[in-house]
Amino acid sequence: MSLKIEKTKSPKQKYSNSEQLGFGKIFTDHMLIIDYDKENGWHDERIVPYQDICLDPSAMVFHYGQTVFEGMKAYKNNGKVYLFRPQENLKRLNKSNDRLCIPQIDEEKVLEYLYKFVDLERDWIPEDEGCSLYIRPFIIATDAQLGVHVSNEYKFIVIASPSGSYYKNGLSPVSIYVEKDYVRAVRGGMGMAKTGGNYAASMKSQDIAHERGYSQVLWLDGVERKYIEEVGAMNIFFVLKDKVITPMINGSILEGITRKSVIELLRNEGMEVSEERISIDDIVKYYKNGELLEIFGTGTAAVISPVGKLLYDEYEMVVNDGKIGKISLHVYETLTNLQFGKIKDDFNWRVEI
Ligand code: PLP
Ligand code: COI
C-alpha cells in the first residue's frame, strides 16, 4: 500500500460536550487526499493534517460543477468502531463518477485507505446516543481552464466531522412541504448521482418550505409533477395498513443505502415492502380513508426520520397524530443497534475498524 501518513503536530482541542455537536460543523485533525491526472491516474495517496486546499480560480469545479460526494458514518460503542456497508458508498461514488465523466476510483484500495483514516481519527468519534463520525468523501474537477469539457485533473478528498443529530430535535417527527412548482431532477438528468448541482437546485424550495414553517421538501417527479420522488436528503417510506411502500428507483432519485437496508430488514421480518410509482394523489386518498399509518424518511445523516406533517397544495395531513409510529421506531432501533454493534449482524453489513 502506498498510503503516506503525515500526522498533525498540533492536534485540535476536541469538543467537550457531544450535545452541542450539531451536524457537520467541526472537523477532525486529518484528511485523506488522492490526486488524479491523465498521466499518473489516481496517485499520491496521503493522509495529511486537516488544512485549506489551494485551487486556481478557474478550476472547473467552481464553474461547471463537475463534482461528486458521498456520506457515511463511523459508529462507536464500548470503544469499538464500526462502518456500515462502506462498500456500497464507494460503489455509488463510482456510479456518480460515471454520470459526471469523473475517472473511476479503485474501490478496494480506497476502502483500505478509508479504514486507515477512520482508525487514525477514532478518538474523535463520539460515543453518546445518536452521535457518530460523519465521513464526507468528495471529488472535485481541478483543471484550470474555462472551456466546457471533461476535466483532466481531480482531487479526491475525505474529511470527517463528529456529529450529533442531523435534525435539531433528534428523532421527533419532521414537517414536510410537498413542492409542486420547482423540480429537483428528471430521468436522464443527474438525480441518481450524488452531485452538488442536485442540492443547489433544491435550495429555493427549501427556503420556501422554511418560510411556510416546514422543515423539509418532498420532491415530485420533474415531468408530470405527480409522482413522489424523495426528500432533500432522504428517501421516503409510507406505512399503509397492509404493506409498506416506497418510490421505485427510476433514475431520478438517489438509491439510498439506508433505503436499501430498511427494505431488506422489513422483508426479512416478513413484511411486504413494495417499490412502486406512488402518486401524491394516492397518498392523499390513503390519508383520507385512514389507510396511511406512518411516513418516515431514511438517510445516513438523518437515519430514520418520522414525518409528522405533510403539506400538499394547501392541504395539511397530520400523520399518526404527529407522533413517531411503531414501525418507524422499530426500524430506527433495529438499524441503529446494527450500526452500533449492539445486535448480531446476520446481514454482514458491519465492518469493524
Ligand atoms: N436522497 C438524497 C437526495 C440524499 O442526499 C440522501 C443522503 O445521502 C439519501 C437520499 C439517502 O441515502 P443514504 O441512505 O445512502 O444516505
Ligand atoms: C447523507 O445522508 O449522507 C447526506 O448526504 C445528506 C446531506 C446532503 C447532508
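Just so it is clear, none of the values below were taken in a lab; they were calculated from the coordinates. Treat the numbers as computed from the prediction; the structure is a model and nothing was measured. Here Cβ is always computed from backbone atoms with ideal geometry, including for glycine, and neighbour counts include all displayed protein chains.
A few remarks follow.
- Separation of the alpha carbons by more than 32 angstrom is noted, of 91/288; 155/226; 80/109; 12/155; 155/180; 109/180, for 91/288; 155/226; 155/180; 109/180.
- Between 0 and 90°, nearest 10: helix 257-268 axis offset from the chain longest Cα axis: 50
- Taking trypsin sites (Lys or Arg not before Pro) across segment 246-345, the ones in a DSSP loop with at most 11 further Cβ atoms lying within 10 angstrom of their Cβ are 344.
- Across segment 172-215, C-alpha contacts under 8 Å between residues 6 or more apart give a mean separation that, scaled by the residue count, equals a relative contact order of 54 percent.
- Net length gained if the chain between residue 315 and residue 77 were fully extended (0.36 nm per residue, minus Cα distance): 81.3 nm
- Distant-in-sequence amide H partners of residue 71 (H built 1.01 Å from N, under 5 Å): none
- Label reach from residue 269 (point 7 Å along Cα→C-beta): in segment 216-245, amide nitrogens under 12 Å belong to 244.
- Cα gyration tensor, segment 4-163 - rounded (a/c under 1.5), prolate or oblate: prolate
- Selection of chymotrypsin sites (Phe, Trp or Tyr not before Pro), segment 118-194, meeting DSSP coil and at most 10 other Cβ within 10 Å: none
- Each Lys or Arg adds one and each Asp or Glu subtracts one; over the other residues with Cβ under 14 Å from the Cβ of residue 275, this totals -1.
- The distance linking segment 70-88 with segment 217-236 is 28 Å (Cα centroid to Cα centroid, whole angstrom).
- Ordering 61, 16, 33 by the projection of their Cα atoms onto the charge dipole of segment 1-65, which places +1 on the Cβ of Lys and Arg and -1 on the Cβ of Asp and Glu, puts 16 at the extreme positive end.
- Three-way shape call for segment 229-292 based on the alpha-carbon gyration tensor, with the a/c threshold at 1.5: oblate
- Cα gyration tensor category, rounded, prolate or oblate, for segment 166-211 with a/c compared to 1.5: prolate
- DSSP-assigned coil residues among GluC sites (Glu not before Pro) in segment 227-296, each with at most 12 further Cβ atoms within 10 Å: 269, 272
- Kirkwood estimate for the chain, i.e. one over the average of 1/r between Cα atoms, Å: 21.3
- Evaluated over segment 1-88, the Cα radius of gyration and Dmax, each in Å: 16.5, 47
- Computed from Cα atoms, the angle from the helix 86-99 axis to the main principal axis of the chain rounds to 90 degrees.
- Along segment 317-324 the Karplus relation, 6.51 cos²θ - 1.76 cosθ + 1.60 evaluated at θ = phi - 60°, assigns HN-Hα couplings of 9, 9, 9, 6, 6, x, 10, 5 Hz to successive residues, with x for each Gly and Pro.
- Taking Cα centre as origin and charging only the Cβ of basic (Lys, Arg, +1) and acidic (Asp, Glu, -1) residues, the dipole magnitude of segment 4-163 rounds to 360 debye.
- Were the residues from residue 203 through residue 7 laid out at 0.36 nm apart, the gain over their Cα-Cα distance would be 66.8 nm.
- 3J(HN,Hα) along segment 132-141: 6, 9, 7, 10, 10, x, 8, 10, 10, 7 Hz, from the Karplus curve 6.51 cos²θ - 1.76 cosθ + 1.60 with θ = phi - 60°, whole Hz, x for Gly and Pro.
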